[in-house]
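For reference, the structure is listed below as structure tokens.
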Amino acid sequence: MGARTGDEYITGLKDDRTVWLDGRRVDVVNEPRFAGSLRGMADYFDYQHEHADDCLVEDAESGELINASHVIPLCDDDLQRRHRALDRLARYSIGMLGRTPDYVNVTLAGFVAQRSVFEKNGDTRAGEALAAFQREVALKDLSLTHTIINPVIDKAVGDVEGINADLAPRIVRRTADGIVVSGSKILGTLGPFADENFVYPAHPLPKEADPAYALCFSVPVGAKGLHTVCRDHYTVEGSRADHPFSSRFDEQDAFLIFDEIEVPWERVFIAGDLDVYGNVMKHGWAANIIQQTGIRAAVKLEFAYDLACKMVEVQNMGARSEATQLLGELVTYADMTRAAISAAEAGAHQYRYGGWFCATEPFTALRALMPSWMTRVNDIFKTLGSHNLLCTPNEAAFDNPELGPLLRRYLPGANDITAEERARIFRMAWDFAGSALGSRSELYERFYLASQPRNLAGNHLMAQLGRQWTDVDDFRRVSGIE
Ligand SMILES: Cc1cc2nc3c(=O)[nH]c(=O)nc-3n(C[C@H](O)[C@H](O)[C@H](O)COP(=O)(O)OP(=O)(O)OC[C@H]3O[C@@H](n4cnc5c(N)ncnc54)[C@H](O)[C@@H]3O)c2cc1C
């Protein structure tokens with residue numbers, strides 16, 4: 001089949017999925033509140049065809065055109081080809097959509113590049129199943145979300161201890177056909193709008209943990225027993241000009257409950273092996289996936305800088321140093337992001353278990369700092385925009401014959417910018433940083449790659465493992481300081 005169109009994507013969602021919104025089971029495709037978001041996701045599928053030169057590649061075996069995010073990276077050319085596609089795809093929503101399918105596609109391609117990590121004692125079943133799954137996802141152009149975090153309610157004990165032990169997904173039974181899983185996962189972004197939910201390890205489990213928790217599998221969102229419990233939906237009705245992001249880019253996060261779901265062996269990649277589970281994220285996961293997330297972030301930061309410049313222009317604040325400093329801060333974050341991607345790509349190499357991935361360190365540094373940058377962007381928007389962000393009549397107000405002329409007279413932009421254009425700029429900025437969707441987007445940036453404290457602590461640990469830190473003692477010796 002190959003790369004799908006938007007209509008084909010929506011047709012694929014017509015199944016018996018159990019999706020809950022506001023305490024009611026809803027039919028995703030026909031739920032009026034989801035209409036804007038679904039169109040937004042469907043347009044992403046059409047967009048890949050509109051930009052086929054960048055986004056699609058020919059599958060060598062079938063001759064089908066598939067999304068380039070499925071390329072299994074084995075050399076620099078693969079990484080560069082993927083880079084081009086990821087950059088173009090991110091521009092569809094200027095990075096406001098975090099879980100476009102290319103995200104998990106890149107993860108899956110990286111796992112397949114080193115599928116031996118999933119194999120043990122000469123048993124190749126899991127690696128083969130993973131490779132077959134990846135081909136299916138690529139050729140059918142399935143959209144995947146992932147849920148990798150266990151719902152740790154009690155943070156004073158381990159992820160699968162105390163009250164948490166009852167919450168995390170675990171194998172409750174094995175059958176001839178596969179495994180039966182019960183438990184839950186936080187959060188599945190795109191949960192109701194995905195075709196499959198891919199579950200894989202985030203953090204290793206302790207050696208003494210019950211192996212039943214050591215799981216990696218994928219299930220269709222329509223699988224019997226899978227409950228997708230949506231948070232409040234944030235789509236705002238109205239035109240794109242009035243709500244450029246909120247009208248179509250709510251990718252809908254959901255809490256997932258697995259109530260005795262049956263997973264056939266073809267979709268089971270780890271079933272009760274703590275060693276394999278603990279190894280999966282150690283051999284290049286970050287180096288692989290942060291090429292996708294870093295490029296998305298760079299596109300978003302560059303857009304934010306450009307929009308902030310417009311906010312300054314429409315207020316004629318360009319000569320004021322407080323404004324230029326804030327603009328400089330924004331473009332610095334974008335430049336640092338591009339620099340980290342370049343450095344990571346320049347340092348790409350073969351990884352121990354296979355795969356040609358970017359260098360890890362520039363990406364783990366980026367992952368640890370990005371949450372601060374993204375929250376700072378929103379802060380800068382609010383500082384530059386102030387009350388203007390809320391003084392933004394919509395299209396209907398300008399169209400009103402009584403009100404429109406008054407607004408044009410009393411709310412024009414500086415620098416000869418029209419009142420309509422001024423309102424559009426600030427509406428876009430508010431939708432980016434302050435609306436319900438904008439606030440959710442900020443929370444996403446803070447946590448989607450695990451929390452900042454966890455990542456900073458991890459970088460310290462890796463630094464200690466990476467080399468002997470004798471710099472202070474060496475300097476003292478060279479300087480003759482006791
Ligand atoms: C909008 C959104 C969408 C998401 N989508 C997905 C998704 O699709 N799939 C998915 O798997 N996950 C997703 N996540 C991520 C996931 O849900 C968790 O939010 C994320 O992994 C953080 O989990 P946690 O609470 O265990 O974080 P923790 O690491 O426990 O951090 C929570 C807080 O605890 C404190 N803390 C933790 N560790 C330390 C430390 N070492 N030192 C000091 N303080 C510390 C900090 O205050 C930190 O902010 C999403 C999150 C959000 C917000």
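The values are calculated or read from the model by the stated rules, or taken from the named source; none is laboratory data. Since the model is a prediction, treat every value here as computed from it, not as a measurement. Here the Cβ is made from the backbone with ideal geometry for all residues, glycine too, and neighbour counts use every protein chain on show.
Quick rundown of the values:
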| read-out | value |
| --- | --- |
| Output for region 14-29, where each listed residue is outside any helix (DSSP H, G or I) and surrounded by fewer than 22 Cβ atoms within 10 Å (Cβ to Cβ) | Lys14, Asp15, Asp16, Thr18, Trp20, Leu21, Asp22, Gly23, Arg24, Arg25, Val26, Asp27 |
| Region 173-192 residues that are assigned by TED's automatic domain parsing to the domain that holds Glu262 and assigned to a strand (DSSP E or B), paired with ones that are within 12 Å of the ligand (Cβ to nearest atom) and acidic (Asp, Glu) (beta carbon under 8 Å, 6 or more apart) | Leu187/Asp253; Gly188/Asp253; Thr189/Glu251; Thr189/Asp253 |
| Qualifying helices (runs of 4 or more DSSP H) (wholly inside region 252-360; at least 1 residues being closer than 30 Å to Ile425 by Cβ) | 285-314, 321-346 |
| Options Leu86, Leu79: the member that is hydrophobic (A, V, I, L, M, F, W, C), under 18 Å from the mean Cα position of the chain (by Cα) and in a helix (DSSP H, G or I) | Leu86 |
| Test set (1) crowded, with 24+ Cβ neighbours inside 10 Å; (2) part of a helix (DSSP H, G or I) - Glu136 fails condition number | (1) |
| So Tyr234, is it of a type outside the set (S, T, N, Q), closer than 30 Å to Arg424 by Cβ, within 16 Å of the ligand (Cβ to nearest atom) and not assigned by TED's automatic domain parsing to the domain that holds Phe426 | yes |
| Residue within region 153-167 that is more than 15 Å from the ligand (Cβ to nearest atom) and part of a loop (DSSP other than H, G, I, E, B) present | no |
| Some residue of region 30-50 being under 20 Å from Ala254 (Cα atoms), free of Cβ contacts under 8 Å to residues at least 40 places away in the same chain and in a strand (DSSP E or B) | no |
| Count - residues of region 169-186 that are within 14 Å of the ligand (Cβ to nearest atom) and in contact with a Lys or Arg (Cβ under 8 Å, 6 or more places away or on another chain) | 2 |
| Test for Ile72: is it of a type in the set (Val, Ile, Thr), part of a strand (DSSP E or B) and in contact (Cβ under 8 Å) with a residue 12 or more places away in the chain | no |
| Unmet criterion (only one of (1) within 16 Å of the ligand (Cβ to nearest atom); (2) more than 14 Å from the chain's Cα centre (by Cα); (3) of a type outside the set (A, V, I, L, M)) for Tyr103 | (2) |
| Region 187-212, subset within 15 Å of the ligand (Cβ to nearest atom) and in contact with a Gly (Cβ under 8 Å, 6 or more places away or on another chain), residue modelled with the lowest pLDDT | Pro204 |
| Residue ID - surrounded by the most Cβ atoms within 10 Å (Cβ to Cβ), chosen from residues in region 202-223 that are closer than 24 Å to Phe447 by Cα and more than 23 Å from the chain's Cα centre (by Cα) | Ala214 |
| Qualifying position, being more than 16 Å from the ligand (Cβ to nearest atom), of a type outside the set (Phe, Trp, Tyr) and under 16 Å from the mean Cα position of the chain (by Cα), among Leu449, Leu366 | Leu366 |
| Filtered residues of region 30-70 (kept if buried (at least 17 other Cβ atoms within 10 Å of the Cβ), of a type in the set (A, V, I, L, M) and more than 18 Å from the chain's Cα centre (by Cα)) | Leu56, Val57, Leu65, Ile66 |
| Boolean, Leu130 is surrounded by 20 or more Cβ atoms within 10 Å (Cβ to Cβ), part of a loop (DSSP other than H, G, I, E, B) and not charged (D, E, K, R) | no |
| Pair list, Cβ < 7 Å and 6+ apart or interchain, from region 93-105 residues that are assigned by TED's automatic domain parsing to the domain that holds Ala429 to residues that are part of a loop (DSSP other than H, G, I, E, B) | none |
